[in-house]
Each structure stands twice: as C-alpha cells, then as structure tokens.
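First the structure, in the form of structure tokens, and then the observations on it.
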Amino acid sequence: MKTYRKELHFNLPTRRGYVNITQQVQTCINESGIKEGLVLVNPMHITASVFINDDESGLHQDFEKWLEKLAPEKPHSQYRHNGFEDNADAHLKRQVMGREVVAAITDGKLDFGTWEQIFYGEYDGKRTKRVLVKIIGE
Ligand code: ZN
C-alpha cells in the first residue's frame, strides 16, 4: 500500500468564505501516483470545515444566511466561549458544516457524482490555516 501526505495553506482576506479545492485535491492524487484508494481532506483547525457540495454562488450565500441564523457572529458577548476570543460562532458554524471529507479514488480520479465538489469553508479567517490531504491505496 502507498501513502501520501500534504498540507495545503489558505489565508482568506475575509472572516468567512468558501474555496473550491477539488482541483488541488486531484493534483495531490496525481502526485501520489495512487490509482485505487481513499483520500481524506480535513482542516487542521477547529474553526474551518472541509465539505462536499455544489459550486453555485447562490447556495454559498444561502449557507452564509443559514449559518448566521443558527449561530450569529454578533454580539460576541452572547457566547460563553468569547471570554478571551471572539470566534464562538466560528466553532459552531464549523460543527454543522463538518470537519472532513473522505472520497473514493478510482482509476486515479476522484470518483464523484456530477455536481460534487470539495470546499474549504472558513469561519474565522484573515490568518493562515492548514488543510491536511492524506491518501492511501495502490
Ligand atoms: Zn475559539
């Protein structure tokens, strides 16, 4: 069995945002030389998500509106976590959007349905964060 590990770096200029990382993950698969296996992608942080959904800007605005209803950023004082920080909402948003993605690799490609795309979801940006890509297979 072969293994591959890489860290991707993201530094979004805004507090919240989404980045389609499907091509970057496919590049990792290409570099790994693995044709049949699994790829795990997860942020190495607790205020960001990696998830699969549609690359459609209306949907991304819907995520923003929905998450702000569930866990509004402000007022910061509404959260017990915000004693020394202001990112309680980011921890909560990440919790509902999920930590990681595991996807099948078949014949050297992400084995996806038509509309599946991998996203990095940022909820407390303006700083560099790491995303782990781990691939196993042969
Ligand atoms: Zn925090």
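Details
- The condition of being over 18 Å from THR14 (Cβ atoms) and either small (Gly, Ala, Ser) or within 16 Å of the ligand (Cβ to nearest atom) (or both) does not hold for TYR123.
- Taking the criterion of being closer than 14 Å to VAL39 by Cβ and either out of contact with any Asp or Glu (no Cβ under 7 Å at 6 or more places or on another chain) or β-branched (Val, Ile, Thr) (or both), the residues of the range 108-138 that qualify are GLY108, LYS109, LEU110, ASP111, PHE112, GLU116, ILE118, VAL131, VAL133, LYS134, ILE135, ILE136.
- Residue within the range 61-74 that is part of a helix (DSSP H, G or I), of a type outside the set (A, V, I, L, M) and in contact with an Asp or Glu (Cβ under 6 Å, 6 or more places away or on another chain) present: no
- Filtering ILE29, ILE34 for residues that are part of a loop (DSSP other than H, G, I, E, B) and either within 14 Å of GLU122 (Cβ to Cβ) or modelled with pLDDT of 95 or more (or both) leaves a single hit, ILE34.
- Residue in the range 80-92 that is modelled with pLDDT of 95 or more, part of a loop (DSSP other than H, G, I, E, B) and either of a type in the set (A, V, I, L, M, F, W, C) or away from the ligand (no atom under 14 Å from the Cβ) (or both) present: no
- Qualifying residue in the range 71-84 (condition: within 20 Å of THR14 (Cβ to Cβ), exposed (fewer than 13 other Cβ atoms within 10 Å of the Cβ) and of a type in the set (Ser, Thr, Tyr)): no
- Condition met for LYS6 (at pLDDT 95 or above, basic (Lys, Arg) and within 19 Å of the chain's Cα centre (by Cα)): yes
- Residue identified as within 16 Å of the ligand (Cβ to nearest atom) and not in a strand (DSSP E or B) among SER77, SER49: SER77
- Flag set for THR27, criterion: of a type in the set (Ser, Thr, Tyr) and under 20 Å from GLU138 (Cα atoms).
The values are calculated or read from the model by the stated rules, or taken from the named source; none is laboratory data. Keep in mind the model is a prediction, meaning the values are calculated, not measured. All Cβ positions, glycine included, derive from the backbone under ideal geometry; neighbour counts span all protein chains shown.
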